[in-house]
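Take a look at the structure below.
Any read-out appearing in this document is the output of simple, stated calculations on the displayed coordinates, not a laboratory observation. Everything numeric here is computed off the predicted structure, so don't read it as measured data. Methodologically, a virtual Cβ is constructed for each residue, glycine included, from the backbone with ideal geometry; neighbour enumeration extends over all protein chains shown.
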Amino acid sequence: MIRFVVAIVLGVLFGLTGPRYLFLGWFSLIPWGIAGLAVGYWSHRGERVLVGVLYGFALCFSFMIAGYTGAASLASRLPFFALVGVFGALCGLGLTVVGHQLRSKREPSQEVL
């Protein structure tokens, strides 16, 4: 349960601070990717999918809200932001799966010969 909360909080923190360092261009994706890999490395096998989806969705959704400066109301843009969040969830899923694979390669095999 704590891993789910940490994934959401981490995603929201990165998402809210993201518009502040957009001047870095695509390099601003590096901390997001490293955090996604770390969340996957830290997660257990059974929860890595949900942890990754929560991290990616929270990151993209909060990033879109934090960076929105349009004339239309924020509430009218939330469905589109949620759709972008689904894309972020897929990216977060990929990162956590790779992070978990990195962990699996470091741990000794538990197979019986």
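Numbers at a glance
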{"read-out": "Sites LEU102 and MET1 - FRET efficiency at Förster radius 25 Å, r taken between beta-carbons, to 0.05", "value": "0.60"}
{"read-out": "Fraction of alpha-carbon pairs over 17 Å apart in region 16-86 - percent", "value": "51 percent"}
{"read-out": "Mean Cα-pair separation over length for the chain, i.e. relative contact order, pairs under 8 Å, 6 or more apart, %", "value": "36 percent"}
{"read-out": "J(HN,Hα) series, region 79-84, from Karplus relation 6.51 cos²θ - 1.76 cosθ + 1.60, nearest Hz, glycine and proline x", "value": "x, 5, 5, 5, 5, 5"}
{"read-out": "In sequence order, calculated HN-Hα J values of region 47-63 (Karplus, 6.51, -1.76, 1.60; Hz; x Gly/Pro)", "value": "10, 5, 5, 5, 4, x, 5, 5, 4, x, 5, 4, 5, 5, 5, 5, 5"}
{"read-out": "Karplus 3J(HN,Hα) series, Hz, for region 94-105 with 6.51 cos²θ - 1.76 cosθ + 1.60 (x for Gly, Pro)", "value": "x, 5, 6, 5, 5, x, 5, 5, 4, 5, 5, 6"}
